[in-house]
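The values are calculated or read from the model by the stated rules, or taken from the named source; none is laboratory data. For clarity, every value in this text was computed on a predicted model and none was experimentally measured. Neighbour counts run over all protein chains shown; Cβ positions are idealised from the backbone, glycine included.
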Amino acid sequence: MAMADAVTLTAEVTRALAVVAHPDDVDFGAGGTVATWTAAGIEVAYCVCTSGEAGGVDDISRPEMAALREAEQRAAAKELGVRNVAFLGYPDGRVTPSIELRRDITREIRRFRPQRILAPSPEIWWPRIGASHPDHRAVGEATLAAIYPDARNPFAHPGLLNEEGLEAWTVTELWLMAAPEERHNHVVDITSTIEHKIAAMRAHRSQTAHLNGLDERIRAGTAGLARRHGLPDGHCAEAFQIVEMG
């Protein structure tokens with residue numbers, strides 16, 4: 001497969017917002033890429049729609065698990081240079097692309113005013129069905145609707161403007177994680193940030209401490225992706241579908 005680079009990126013990006021379903025989603029899907037953004041001076045914030053209480057071990061209460069996973073996500077974010085992490089509190093495993101979720105994502109967009117948004121694909125990636133968790137797809141669908149038309153339309157969710165003073169904002173780039181491979185149109189070389197990605201994933205101890213060979217799996221997976229997209233041997237990569245929204 002040749003290098004996927006079929007889009008022209010926004011010339012000036014100063015802020016990027018990652019909207020994901022669960023703690024650890026951004027680190028698994030785009031941790032190396034986020035680290036390249038923060039290293040380049042881009043301010044990155046996270047909007048995590050659930051607290052991940054349905055994941056992890058059985059010998060802990062679900063409220064305790066939610067608190068633990070929020071703490072793990074904040075620690076992982078710091079490994080990638082991210083300090084701004086918001087949790088929306090939707091129920092893990094029961095997320096739908098509701099009007100309420102669209103409104104809450106729109107609120108975060110208007111607050112942070114990013115040029116670029118990173119989110120899960122709303123499509124099913126059949127060869128990697130685990131990446132297409134129903135919560136992921138629901139968040140992807142709701143995020144797309146929040147970008148267009150909601151965030152840019154001052155008459156959408158009128159309380160955001162009339163009661164909270166959050167003015168309309170237009171996002172110009174949408175980066176989709178875990179999109180079907182035939183949709184990939186941009187690859188990020190994360191060779192220089194792979195250690196940060198691994199550290200971020202290690203911070204999610206409730207999800208990764210039991211996994212043998214995690215570092216090797218991450219390196220092998222990102223190296224294989226780099227080879228498939230034409231990068232030299234020894235490089236690591238993450239791939240995305242980028243949709244121009246301007």
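Here residue 151 clears all of (1) buried (at least 22 other Cβ atoms within 10 Å of the Cβ); (2) in contact (Cβ under 8 Å) with a residue 60 or more places away in the chain except the condition numbered (2).
For residue 231, are the conditions met, namely being within 24 Å of residue 74 (Cβ to Cβ) and surrounded by fewer than 21 Cβ atoms within 10 Å (Cβ to Cβ)? No: the conditions fail for residue 231. Scanning segment 45-60 for residues that are at pLDDT below 95, on the phi > 0 side of the Ramachandran plot and not hydroxyl-bearing (Ser, Thr, Tyr) turns up at least one hit.
Total residues in segment 50-75 satisfying the condition of being within 17 Å of the chain's Cα centre (by Cα) and either farther than 24 Å from residue 101 by Cα or assigned to a loop (DSSP other than H, G, I, E, B) (or both): the figure is 3. When 137, 128 are screened for being farther than 14 Å from residue 49 by Cβ and in a helix (DSSP H, G or I), only 128 passes. Can you find even one residue in segment 155-178 that is buried (at least 21 other Cβ atoms within 10 Å of the Cβ), more than 24 Å from residue 123 (Cβ to Cβ), modelled with pLDDT of 95 or more and not acidic (Asp, Glu)? Yes, segment 155-178 contains at least one residue that is buried (at least 21 other Cβ atoms within 10 Å of the Cβ), more than 24 Å from residue 123 (Cβ to Cβ), modelled with pLDDT of 95 or more and not acidic (Asp, Glu). Looking across segment 19-45 at every residue that is within 13 Å of the chain's Cα centre (by Cα) and farther than 23 Å from residue 215 by Cβ, the one that is surrounded by the most Cβ atoms within 10 Å (Cβ to Cβ) is identified as 19. Could you tell me whether residue 142 is crowded, with 16+ Cβ neighbours inside 10 Å, within 14 Å of residue 103 (Cα to Cα) and within 19 Å of the chain's Cα centre (by Cα)? Yes: the conditions hold for residue 142.
Could you tell me which residue of segment 55-73 is nearest to residue 206 (Cα to Cα), considering only residues that are touching a helix residue (DSSP H, G or I) at 6+ places or on another chain (Cβ under 9 Å) and surrounded by 16 or more Cβ atoms within 10 Å (Cβ to Cβ)? Among those that are touching a helix residue (DSSP H, G or I) at 6+ places or on another chain (Cβ under 9 Å) and surrounded by 16 or more Cβ atoms within 10 Å (Cβ to Cβ), it is 56. Cβ-Cβ distances below 8 Å connect the following pairs, each with a first residue in segment 1-23 that is at pLDDT 95 or above, a second residue that is surrounded by fewer than 15 Cβ atoms within 10 Å (Cβ to Cβ), and a separation of six or more residues or different chains: 14/41.
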